[in-house]
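Taking it in order: structure first as structure tokens, then the write-up.
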Amino acid sequence: MRRPPPGSAKRIGRMLAALAADRAGLSAVEFAVVVPILLLLFLGMTDLVPAIMAQSQVDHANESTGDMAGEYSLMQTSDMVNVFSVAPDVIEPLSGANLYVRITNIYTDGNGHAAVYWSCGQGPLTPYTANSPVTTTPTNSPMSWFLNTSTPAAANTSYLMSEIQYSYTPVTGYVVTGPIVMRDTSYLLPRSSSYVGFPWDGVSTDAPPMPTATTTNVSVTLSNGATCNYAK
């Protein structure tokens, strides 16, 4: 067995020490490590910030839609078409191609019961069946949390439930993949009356019947393609 030449261990030690002290190329190594991380953060912010802004616009569009519906005491089918046109205008410059709205008038009888008076929806947000009981919100929370359905003060009272769904496509899609389905639900009281009568023929002095006096479900298709179910 051959022995290493004398002093070889010291020479190896000096070489390793010199290599450890050598800073040539260190910046290139640091650059190669840091740049991918910075690029990932940049792309992530490029997707995340517009998505947050889009969700804010969707929420605002939903509230504006319900707010406009609440201004009516009697609503014709043409009025409902105008209500549906609010959301696409509010979310601009985002495209309204994948935007869907559902508006529902829910009435309560003061005995802990809530039911659908009328409901209009489009796309995947199909309208609820008139006179069908309402026990939970779209997020599966008890309706009593929002509508006070069991108090005498809530007898013969109605509430507007506005829902929205929007399919958002991220700007780059490298970090936040899409599409992202954004949803929002809001609850409002009618401003001009205890309930919003729908559909009104625009001529008759008789308003649509009181919610609690109806038993039959009737459907109508609006000019914008949305479908409405109402109690008659």
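Under the 0.36 nm per residue contour assumption, what length would be gained going from the current alpha-carbon distance of SER27 and SER219 to full extension?
Numbers: separation 192, 0.36 × 192 = 69.12 nm, distance 7.03 nm.
Gain on stretching SER27 to SER219: 62.1 nm.
Would you mind checking the stretch 161-204 for residues with the amide N under 14 Å from a putative spin-label position 7 Å along Cα→C-beta of LEU41?
none
Each reported figure results from applying straightforward, stated rules to the coordinates on display, with no laboratory input. All figures in this text were calculated on a predicted structure; none of them were measured in a lab. We place every Cβ from the backbone using ideal geometry, glycine too, and count neighbours over all the protein chains shown.
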